[in-house]
Amino acid sequence: MDIALGAAVRIRRRTIGMSQEALADQCGVSFQQIQKYENGANRISFSRLVQISRALRCRVTDLMDVFDGADKETAEDLDLLTHMRTPGALELLSAFERLPPEVRSSLVNLVRTLTNQAAAAAAKEAAIA
């Protein structure tokens, strides 16, 4: 839960173009503390969550939507948040969104091909070992 909430904070912060330092200043904590919240290393208290949501110009519930229900959609949301924590993922997504649709389609096909080739190579190596 701490990881999912931290990821939601990070996504919202980056979406509005705010740095960790700026968020930290508005919340009265160090930017290292914001890093710990975003990585799920430290639990965010409710009072701190209220401060963070005000600084991010959103409602507390906007950040906590990842916890609504335990259905498949929520699991997929949590999985997406985990993927978005991968270094470079948000930068890649931001750049991807700026590409023309035909270039996006070509890029997706290229990544699928590379992924399939990597999986085949890994399977071949596992069979040899």
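The values are calculated or read from the model by the stated rules, or taken from the named source; none is laboratory data. These numbers were taken from a predicted model, which means no experiment stands behind them. Counting neighbours? That spans all protein chains shown, and the Cβs are built from the backbone with ideal geometry, glycine included.
Overview of results
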| quantity | calculated |
| --- | --- |
| Residues within region 25-35 that are closer than 21 Å to E91 by Cβ and either charged (D, E, K, R) or buried (at least 18 other Cβ atoms within 10 Å of the Cβ) (or both), tallied | 1 |
| Residues of region 93-122 satisfying the condition of being under 21 Å from the mean Cα position of the chain (by Cα), basic (K, R) and in a helix (DSSP H, G or I) | R104 |
| Scope region 20-49; condition within 19 Å of D62 (Cα to Cα) and of a type in the set (S, T, Y); matching residues | Y37, S45, S47 |
| Matching residues in region 99-129 - criterion: being modelled with pLDDT of 90 or more and of a type in the set (D, E, K, R) | E102, R104, R112 |
| Criterion (surrounded by fewer than 10 Cβ atoms within 10 Å (Cβ to Cβ) and among the basic types (K, R)) met by exactly one of R112, R85, R104, R98 | R98 |
| Helices (runs of 4 or more DSSP H) completely within region 6-92 that count 1 or more residues being of a type in the set (D, E, K, R) and modelled with pLDDT of 90 or more | 20-27, 31-39, 46-55 |
